[in-house]
1. Would you confirm whether or not region 66-84 contains a residue that is exposed (fewer than 15 other Cβ atoms within 10 Å of the Cβ), under 16 Å from the mean Cα position of the chain (by Cα) and within 26 Å of Ala162 (Cβ to Cβ)?
2. Can you pull out every residue in region 155-202 that is open to solvent by 70 Å² or more (accessible area, probe 1.4 Å), of a type in the set (A, V, I, L, M, F, W, C) and in a helix (DSSP H, G or I)?
3. Which is among the aliphatic types (A, V, I, L, M), open to solvent by 60 Å² or more (accessible area, probe 1.4 Å) and closer than 30 Å to Leu207 by Cα, of Leu144, Leu124, Leu118, Leu140?
4. Being touching a residue at least 60 places away in the same chain (Cβ under 8 Å) and either within 26 Å of Leu156 (Cβ to Cβ) or under 22 Å from the mean Cα position of the chain (by Cα) (or both): is that true of Ala41 here?
5. Go through the residues of region 199-218 one by one and say whether even a single one is touching a Leu at 6+ places or on another chain (Cβ under 7 Å), at pLDDT 85 or above and closer than 26 Å to Pro3 by Cβ.
6. Of the conditions (1) surrounded by 12 or more Cβ atoms within 10 Å (Cβ to Cβ); (2) more than 23 Å from Thr26 (Cβ to Cβ), Val103 satisfies every one except a single condition; which number is it?
7. Based on this model, can you work out whether Thr129 counts as among the β-branched types (Val, Ile, Thr), open to solvent by 20 Å² or more (accessible area, probe 1.4 Å) and modelled with pLDDT under 90?
8. May I ask you to verify whether Phe45 is open to solvent by 80 Å² or more (accessible area, probe 1.4 Å) and part of a loop (DSSP other than H, G, I, E, B)?
Amino acid sequence: NYPNMMNTIPFWRFYQNSLIFAIGSTVVSTAFSAMAGYGLARLKFPGSNLVFLGLVLSVALPQVALLVPIREIYNTLHLNNTYIGLIILEASITTPFTVWIMVSFVNQIPVEMEEAALIDGATLWQTITRIVVPAMRPALATMLIINFINAWNEFLYPLIFATRNDTKTLSVGLVSLGREAIGTSRPWDLMSAMSTLMIIPVVILILFGQRAIVSGLTRGAVK
């Protein structure tokens, strides 16, 4: 079943596309969310609460309602069937929730630690990189894993904005397998083989990152 499945669709190309898509969007969303979370938690500027509230409420927007305007924008910017376009889309989905998590983690870091570092002569950049970022490692590890899994399983945006084989992901390829296989019934044997290979990266990630997930999600729950 595995060789037959790989001869039916360009499996390894889809695998590569999924890795680029998932890793790229995960790194982008987590990095920007960490910076935004620190800014919203520490820098109290006029309207900061409204900005944070807007980010949280944006999670409630259904993806389907955004497809048409995003499609128009991507047609204008020529971002359809590109890695950059897919990464931006997925990062936009995961960023609001990630910012919310980062803000709660930064609020748990005693501000006195940063003040002591500044008094000792450290710059703001040194304070962030040597004190804040190490303290945020559980949150960063947790969101990296969760965002990767979400991106790996994403189906709607790759289905609409990745229509060529050189940008299709595994989730879309699974549907393509059912359409391209010869016969009137779905090739459940080939689809099962492909599904088995699809879950391997997620299983490996969970096995090695489960401690980080538990630590990140429960930090601050028990004193």
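1. yes
2. Trp188, Ile200
3. Details: Leu124 fails: closer than 30 Å to Leu207 by Cα; Leu118 fails: closer than 30 Å to Leu207 by Cα; Leu140 fails: open to solvent by 60 Å² or more (accessible area, probe 1.4 Å).
Every option except Leu144 fails the conditions.
4. Values: touching a residue at least 60 places away in the same chain (Cβ under 8 Å): yes; either within 26 Å of Leu156 (Cβ to Cβ) or under 22 Å from the mean Cα position of the chain (by Cα) (or both): yes.
Yes: the conditions hold for Ala41.
5. Here is the first cut: in region 199-218, the ones touching a Leu at 6+ places or on another chain (Cβ under 7 Å) are none.
So far as region 199-218 goes, no, none of its residues is touching a Leu at 6+ places or on another chain (Cβ under 7 Å), at pLDDT 85 or above and closer than 26 Å to Pro3 by Cβ.
6. Unmet for Val103, out of (1) surrounded by 12 or more Cβ atoms within 10 Å (Cβ to Cβ); (2) more than 23 Å from Thr26 (Cβ to Cβ): (2).
7. So Thr129 fits the description; yes.
8. Details: open to solvent by 80 Å² or more (accessible area, probe 1.4 Å): yes; part of a loop (DSSP other than H, G, I, E, B): yes.
Judged against the criteria, Phe45 is a match.
The values are calculated or read from the model by the stated rules, or taken from the named source; none is laboratory data. Just so we're clear, the structure is a prediction, and the values are computed from it rather than from any experiment. Using ideal geometry, Cβ is built from the backbone for each residue, glycine included, and neighbour counts are taken over all protein chains shown. Each accessible area value is taken on the protein alone, full model and side chains, heavy atoms only, with ligands, DNA and RNA left out. Shrake-Rupley method; radii C 1.70, N 1.55, O 1.52, S 1.80 Å.
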